[in-house]
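Here is the structure we will look at.
Values in this text are rule-based calculations from the coordinates and carry no lab data. Nothing here was measured: the structure is a model prediction, and the numbers come from that model. Cβ sites come from the backbone with ideal geometry, for glycine too, and all protein chains shown count toward neighbours.
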Amino acid sequence: MNTKKHLPMCGTQIDRATRMVRAYKHPNRYEIIGRLLRHGKLSSGEIASYLKLEEHYISEQLDILCRNGLVTVEGFGEQRYFAANEARLQVLKKCVAVFNNSASN
């Protein structure tokens, strides 16, 4: 039995967590994050090539991931490289685990 108590989340935290989960659960965004975790920093063109999707579509998906803190970007203009935000992904993983544990009790 899990006796460890967790403080309830405020509405803002719940909204932020919900947006992060929604951003992550999309199949193509999930694949993008996986590719970044496996290969490190990549350009949107490299990601599009790996996933066989249009670069403008990948750019839109990367924008969503960046806005939700799941991916970081370095550089400007044509020289932008994206990386998985591993610290934020670990936080998301822990939040989901806490939710799963509390839901099963």
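Data for the structure
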read-out: Net length gained if the chain between Ala87 and His39 were fully extended (0.36 nm per residue, minus Cα distance); value: 15.6 nm
read-out: Calculated from backbone phi, Karplus (6.51, -1.76, 1.60) coupling profile of the range 68-78 in Hz, x at Gly/Pro; value: 9, x, 8, 9, 10, 10, 10, x, 9, x, 6
read-out: Estimated vicinal HN-Hα couplings, Hz - the range 20-36 in sequence order (Karplus 6.51, -1.76, 1.60; Gly, Pro = x); value: 5, 5, 4, 5, 6, 6, 4, x, 6, 5, 4, 5, 4, 4, x, 4, 5
read-out: Within-14-Å neighbourhood charge of Leu53 [Cβ basis; K, R +1; D, E -1]; value: -2
read-out: Spin-label pair Ser49/Val96, simplified geometry with 7 Å Cα→Cβ offset, distance in nm; value: 3.0 nm
read-out: Residue-count net charge about Arg22 - beta-carbon cut-off 13 Å; Lys, Arg +1, Asp, Glu -1; value: +4
read-out: Per-peptide average of other Cβ atoms within 10 Å, ordering 82-90, 29-37 highest first; value: 29-37, 82-90
